[in-house]
1. Which of the residues spanning the range 220-240 are of a type in the set (S, T, N, Q) and near the ligand (Cβ under 9 Å from one of its atoms)?
2. Any chance the range 382-397 includes a residue that's acidic (Asp, Glu), on the phi < 0 side of the Ramachandran plot and outside any helix (DSSP H, G or I)?
3. Which members of the range 285-316 meet the condition of being of a type in the set (Phe, Trp, Tyr) and part of a loop (DSSP other than H, G, I, E, B)?
4. Please list, ordered by first then second residue, the pairs with beta carbon atoms under 9 Å, 6 or more apart or interchain, first in the range 120-144 and over 24 Å from VAL81 (Cα atoms), second crowded, with 16+ Cβ neighbours inside 10 Å and of a type in the set (S, T, N, Q).
5. Among the residues of the range 220-240 satisfying the criterion of being over 20 Å from the mean Cα position of the chain (by Cα) and in a helix (DSSP H, G or I), which is surrounded by the fewest Cβ atoms within 10 Å (Cβ to Cβ)?
6. I'd like to verify a number: residues in the range 346-376 that are of a type in the set (S, T, N, Q) and more than 6 Å from the ligand (Cβ to nearest atom), how many?
7. Does the range 5-28 hold any residues that are more than 26 Å from ARG211 (Cβ to Cβ) and either in contact with a Lys or Arg (Cβ under 6 Å, 6 or more places away or on another chain) or not in a loop (DSSP other than H, G, I, E, B) (or both), and which are they?
Amino acid sequence: MILFIHRKDLRTTDLPAFDAIRAAGSRSLHVLILEPFLLRKQRYLEHSGTNFLAHVSSLQQAYSLQGKQLHILYGEPDTIVRRLSEAYPVQELMIHADYTPYALHRDQSLRNTSAELGITFKLYHDSMLCDPEDFMEWCGRRESFKVFTPFYRRWRSYLAERFRPPFSSALAELETSALVEQIAQDFMVPEEVQRQLDQTAPDGQMIDASRSLEHFLNLNLQGYPKSRDRYALEGTSRISRHLNTGAISARTVYSRLTQEEAGIEEWLRQLAWRDFYLYQARLDTDFFSYEKVYDLGRLGTKYFEAWSLGRTGIPVIDAAMTQLNETGWMPNRLRMITAMFLTKNLGCPFIYGERYFRLKLSDYDNVLNRGGWLWSSSLGFDASPYFRIMNPVTQSQTHDPSGSYIRTWLPELADLPDKTIHLPRPDAIVDLKSSRALAFEIYKEILNSKGASVKPAFGNEL
Ligand SMILES: Cc1cc2nc3c(=O)[nH]c(=O)nc-3n(C[C@H](O)[C@H](O)[C@H](O)COP(=O)(O)OP(=O)(O)OC[C@H]3O[C@@H](n4cnc5c(N)ncnc54)[C@H](O)[C@@H]3O)c2cc1C
């Protein structure tokens with residue numbers, strides 16, 4: 001018997017572990033574990049939690065439509081594996097890898113438990129287009145890429161030569177097992193979480209990630225280079241919420257994209273950014289701890305709340321935060337503008353904004369979110385230079401000249417003329433010019449503080 005635990009791989013096709021299960025010719029028990037830590041503080045009611053649960057619910061429907069079984073359990077993975085191994089002759093435990101500190105710790109613990117129970121533990125890499133180890137060997141490099149453009153060039157050639165096409169085994173080919181009733185009872189999903197699961201993707205309303213992809217490729221791919229930053233046009237794919245839950249694999253996206261005859265470069269470049277951050281998460285040992293590498297002690301949280309509520313008096317910032325709070329969505333350019341504004345003009349440590357986005361973004365991903373926040377706050381590989389601070393007013397005038405985005409999200413400003421709608425309101429909480437000058441000075445100092453003895457000023461309270 002093989003025990004397979006679903007993670008950020010909420011789909012039934014193109015899964016490395018499914019190929020391995022089919023090759024083993026063994027029955028398999030498929031579970032998805034909702035971990036108390038990941039659902040703490042009613043996370044399941046926030047946009048990020050709701051998106052995840054919607055995909056979980058949709059996955060369970062996909063299983064049952066194919067006459068297969070997926071068991072959703074609530075509890076500590078270690079405890080559940082121990083319990084399952086008492087009830088079933090589990091020989092192998094298979095999972096797809098995740099690279100965050102929490103996930104690494106959890107999986108090390110699962111590895112130890114498996115060893116203790118005499119179960120073979122198998123971990124498959126699934127999320128990236130390039131396998132970092134193989135990529136580095138192919139490049140003939142020992143040191144990791146620290147700058148995106150050279151990474152991208154090599155990544156393009158690597159994929160042209162070594163792209164690993166989607167895995168072929170389908171769920172229909174596997175023999176999934178039923179779950180002992182007592183175990184289902186003992187690890188039952190709490191009522192309020194179950195309610196969310198039922199509401200997010202009700203029966204018959206399954207999420208179809210491939211349809212979203214096709215929709216984008218057919219209607220918006222050609223216009224993407226121009227529309228991607230014109231955020232009012234909503235010309236991007238919005239595939240991120242499916243990619244990050246694994247409802248569609250990066251391999252499937254890439255292989256479908258490369259069937260297009262023209263106009264793929266710009267979008268492919270964005271997928272490369274995704275791989276670049278995932279690559280950093282694995283190869284940059286500081287990636288998850290920059291707040292401890294640099295001294296952020298001169299920063300503070302005075303304006304954080306006003307920013308999070310969309311009450312800064314800078315129209316484009318307040319519009320973007322309103323959209324985020326209400327819908328769980330914010331276009332990429334606005335993520336950059338709001339993040340830079342919080343960390344630079346408002347002088348707030350990036351980890352506060354990172355944490356806020358973690359709850360609010362429906363497409364939240366631990367690595368990509370951290371990557372975006374590091375970039376905006378000039379920390380980490382190939383980050384935005386500390387002296388290049390985006391001016392939210394100029395950005396708004398450039399990317400949405402008519403102010404239609406502001407008009408949509410801040411209806412109280414809808415009657416302002418195009419010329420004035422972008423400008424700071426009389427009650428703006430900071431002066432853009434002087435806060436920018438101060439940020440230059442402070443961030444210069446922060447970047448010089450690397451390696452100095454840094455007090456972990458903010459980490460503990462988050
Ligand atoms: C502060 C900040 C926080 C962010 N947090 C997240 C997050 O939690 N989850 C997330 O998926 N993305 C995050 N991003 C990256 C980016 O904003 C989103 O991936 C993008 O907006 C998703 O929209 P889309 O699917 O329509 O993208 P498209 O423009 O259609 O791009 C296709 C795919 O390319 C990748 N991509 C696009 N832009 C970027 C980028 N700048 N960095 C890395 N990958 C990219 C994504 O996987 C995206 O789905 C963040 C960016 C910033 C600046």
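1. ASN220, THR236, SER237, SER240
2. No, the range 382-397 contains no residue that is acidic (Asp, Glu), on the phi < 0 side of the Ramachandran plot and outside any helix (DSSP H, G or I).
3. Here is the first cut: in the range 285-316, the ones of a type in the set (Phe, Trp, Tyr) are 287-288, 290, 294, 303-304, 307.
Listed by number, the residues that qualify are PHE287, PHE288, TYR294, TYR303.
4. PRO132/SER144; MET136/SER144; SER144/GLN280
5. Ranking the qualifying residues of the range 220-240, first place goes to LYS226.
6. Summing the residues that are of a type in the set (S, T, N, Q) and more than 6 Å from the ligand (Cβ to nearest atom) in the range 346-376 gives 2.
7. Once the filter is applied, which keeps residues that are more than 26 Å from ARG211 (Cβ to Cβ) and either in contact with a Lys or Arg (Cβ under 6 Å, 6 or more places away or on another chain) or not in a loop (DSSP other than H, G, I, E, B) (or both), the range 5-28 yields ILE5, ALA20, ILE21, ARG22, ALA23, ALA24, SER28.
Every residue, every condition in (1) at negative phi; (2) away from the ligand (no atom under 13 Å from the Cβ); (3) part of a loop (DSSP other than H, G, I, E, B); (4) not charged (D, E, K, R), yes or no:
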residue: TYR158; (1), (2), (3), (4): yes, yes, no, yes
residue: ILE183; (1), (2), (3), (4): yes, yes, no, yes
residue: ASP198; (1), (2), (3), (4): yes, yes, no, no
residue: GLY204; (1), (2), (3), (4): no, yes, yes, yes
residue: ARG211; (1), (2), (3), (4): yes, yes, no, no
residue: ASN218; (1), (2), (3), (4): yes, yes, no, yes
residue: HIS242; (1), (2), (3), (4): yes, no, no, yes
residue: SER255; (1), (2), (3), (4): yes, yes, no, yes
residue: GLU260; (1), (2), (3), (4): yes, yes, yes, no
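The values are calculated or read from the model by the stated rules, or taken from the named source; none is laboratory data. What you are looking at is a predicted structure, and each value in this text was computed from that prediction instead of being measured. Cβ atoms come from the backbone with ideal geometry, glycine included; neighbour counts cover every protein chain shown.
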